[in-house]
Amino acid sequence: MNRLTHRAEEALLGAMLFRPEALPAMRWIPAGAFSRPDHAALWQTLNSIDFSKVALNEVPAAVSAAVAQIEDQGIRHTLTPDRIAALANACPTPSSALLYGGMTLEAAIHRSVEQAGEQLRDTARRTETDRARQALEQADKTGKRLASLDRAWAAAPETVRNLLDTQPVEEIATVPRTERARTDLQAEGETVASLLYQPGQLREVTGWLRDKDFSHPQLAAVYRAMATLDERHAPIDPLTVAWEAQRHPGTNPSDQVLAELEQAGMGGTAAFTAERVLHTAALDRLDAAGHDLRNYARHPALAPSALVGHAEQALQPVQDDHQRIQHAEREPELASDKEPAPAAPSPTREVPAPAHEMEI
């Protein structure tokens with residue numbers, strides 16, 4: 001796409017050099033939309049000249065004089081009179097300047113989304129677990145960046161958007177990551193073991209911890225079963241957990257895993273380790289969102305509106321994580337507001353088995 005992007009930018013610049021009187025109608029294209037610094041500098045230079053006072057045969061000289069005022073020496077040396085003349089001749093159809101401008105802006109939006117994805121991945125991989133909330137603020141900034149890109153595209157002429165903002169022929173799906181970026185199996189195991197040992201702690205974490213936060217499928221299944229039982233005020237032990245887990249789709253916990261959790265049980269630590277589980281999962285989903293943004297941006301079938309829409313959807317899980325982390329940090333006292341579980345039933349007198357077998 002870089003080759004075509006350069007050609008589109010050159011065609012746009014050439015059209016403006018050929019017909020500089022059309023520049024006022026192209027103000028919706030910012031200099032930052034160009035992929036090369038010399039192209040951006042020339043665009044700024046062209047927009048700084050009042051061509052209504054320049055005769056057509058004097059345009060090359062006027063442009064060269066304005067280029068000579070550019071502070072960057074390297075750019076001045078790049079934008080030689082021969083280079084400017086070549087750009088003027090590089091435009092296939094000067095009357096198609098609006099379309100070339102739309103193509104230039106579309107390519108810029110793809111680059112910006114790709115860069116945002118790379119930044120999210122970098123942040124997710126280098127941030128310490130206890131700084132997850134601050135890392136997720138990067139996703140909020142990315143959301144605002146996507147909104148600004150959407151506004152930039154909306155500022156383009158409607159005719160341009162109608163020509164370029166087409167729907168992809170096939171459904172677009174990103175290539176999955178080959179591996180997770182962040183895991184903390186120790187925190188996951190300690191959290192579930194502590195909850196199984198002291199189920200009363202569940203009310204401290206179920207408001208913000210989800211089974212999807214566990215990378216280990218069997219630990220996720222145990223937590224999901226315990227949370228369901230706690231919601232029903234049902235007794236929680238390895239047997240009731242195993243029985244409830246089988247009702248849910250996906251992996252079931254093995255007897256060995258349940259036995260290990262029962263043996264490793266420790267009290268009073270679930271809320272602390274559960275925050276580590278959530279923070280680690282949130283950083284991993286931040287990496288996944290960056291992965292998806294980068295891959296969507298590299299897909300040429302996605303026009304600007306569709307690209308921004310897909311990118312916003314990819315960010316949604318991260319934004320949800322941000323809210324849950326704030327909930328976990330801000331409102332631990334909410335756990336005490338939950339309705340207490342009913343008292344355990346009193347022991348009943350053992351009833352002798354009937355003489356005949358029960359029919360079911």
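The values are calculated or read from the model by the stated rules, or taken from the named source; none is laboratory data. As the structure is a prediction and not an experimental result, all values here were calculated from the model. Note: ideal-geometry Cβ built from the backbone for every residue, glycine included; neighbour counts use all protein chains shown. Ligands, DNA and RNA are stripped out before the accessible areas are found, and what is left, the full protein with its side chains, is counted by its heavy atoms. Shrake-Rupley method; radii C 1.70, N 1.55, O 1.52, S 1.80 Å.
Below, the figures for the structure above:
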quantity	calculated
Residue that is at pLDDT below 95, of a type in the set (Ser, Thr, Tyr) and more than 20 Å from the chain's Cα centre (by Cα), where the choices are THR174, THR166	THR166
Enumeration of residues in the range 134-154 that are of a type in the set (Asp, Glu) and open to solvent by less than 60 Å² (accessible area, probe 1.4 Å)	ASP140
Residues (hydroxyl-bearing (Ser, Thr, Tyr) and not in a helix (DSSP H, G or I)) located in the range 34-84	SER35, THR80
Residues of the range 300-330 classified as open to solvent by 10 Å² or more (accessible area, probe 1.4 Å), closer than 25 Å to VAL169 by Cα and touching a Leu at 6+ places or on another chain (Cβ under 8 Å), total	3
Candidates ALA314, ALA301, filtered to the one that is outside any helix (DSSP H, G or I) and either β-branched (Val, Ile, Thr) or under 30 Å from LEU163 (Cβ atoms) (or both)	ALA301
Qualifying residues in the range 41-56 (those that are open to solvent by less than 40 Å² (accessible area, probe 1.4 Å) and touching an Asp or Glu at 6+ places or on another chain (Cβ under 9 Å)) - the one nearest to ALA156 (Cα to Cα)	TRP43
Counted residues, the range 173-199 - those being part of a helix (DSSP H, G or I) and without any contact (Cβ under 8 Å) to a residue 40 or more places away in the chain	3
Members of the range 155-171 that are surrounded by 12 or more Cβ atoms within 10 Å (Cβ to Cβ) and either touching a helix residue (DSSP H, G or I) at 6+ places or on another chain (Cβ under 8 Å) or of a type in the set (Phe, Trp, Tyr) (or both)	ALA156, PRO157, VAL160, ARG161, LEU163, LEU164, ASP165, PRO168
Odd one out for GLY102, checked against (1) exposed (fewer than 15 other Cβ atoms within 10 Å of the Cβ); (2) touching a Leu at 6+ places or on another chain (Cβ under 6 Å)	(1)
Single unsatisfied condition, GLY74 versus (1) within 30 Å of LEU286 (Cβ to Cβ); (2) open to solvent by less than 50 Å² (accessible area, probe 1.4 Å)	(1)
Count of the range 6-19 residues which are in a helix (DSSP H, G or I) and either among the aromatic types (Phe, Trp, Tyr) or open to solvent by 10 Å² or more (accessible area, probe 1.4 Å) (or both)	5
Residues of the range 20-39 satisfying the condition of being open to solvent by 20 Å² or more (accessible area, probe 1.4 Å), closer than 17 Å to ALA66 by Cα and either in contact (Cβ under 8 Å) with a residue 40 or more places away in the chain or of a type in the set (Gly, Ala, Ser) (or both)	ALA31
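Rundown of residues vs (1) modelled with pLDDT under 95; (2) open to solvent by 10 Å² or more (accessible area, probe 1.4 Å); (3) of a type in the set (Asp, Glu); (4) under 23 Å from ALA281 (Cα atoms), yes/no style:
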site	(1), (2), (3), (4)
VAL205	no, no, no, yes
LEU209	no, no, no, yes
SER215	no, yes, no, yes
ALA221	no, no, no, yes
ARG224	no, yes, no, yes
THR228	no, yes, no, yes
ALA242	no, yes, no, no
ALA245	no, no, no, yes
HIS248	yes, yes, no, yes
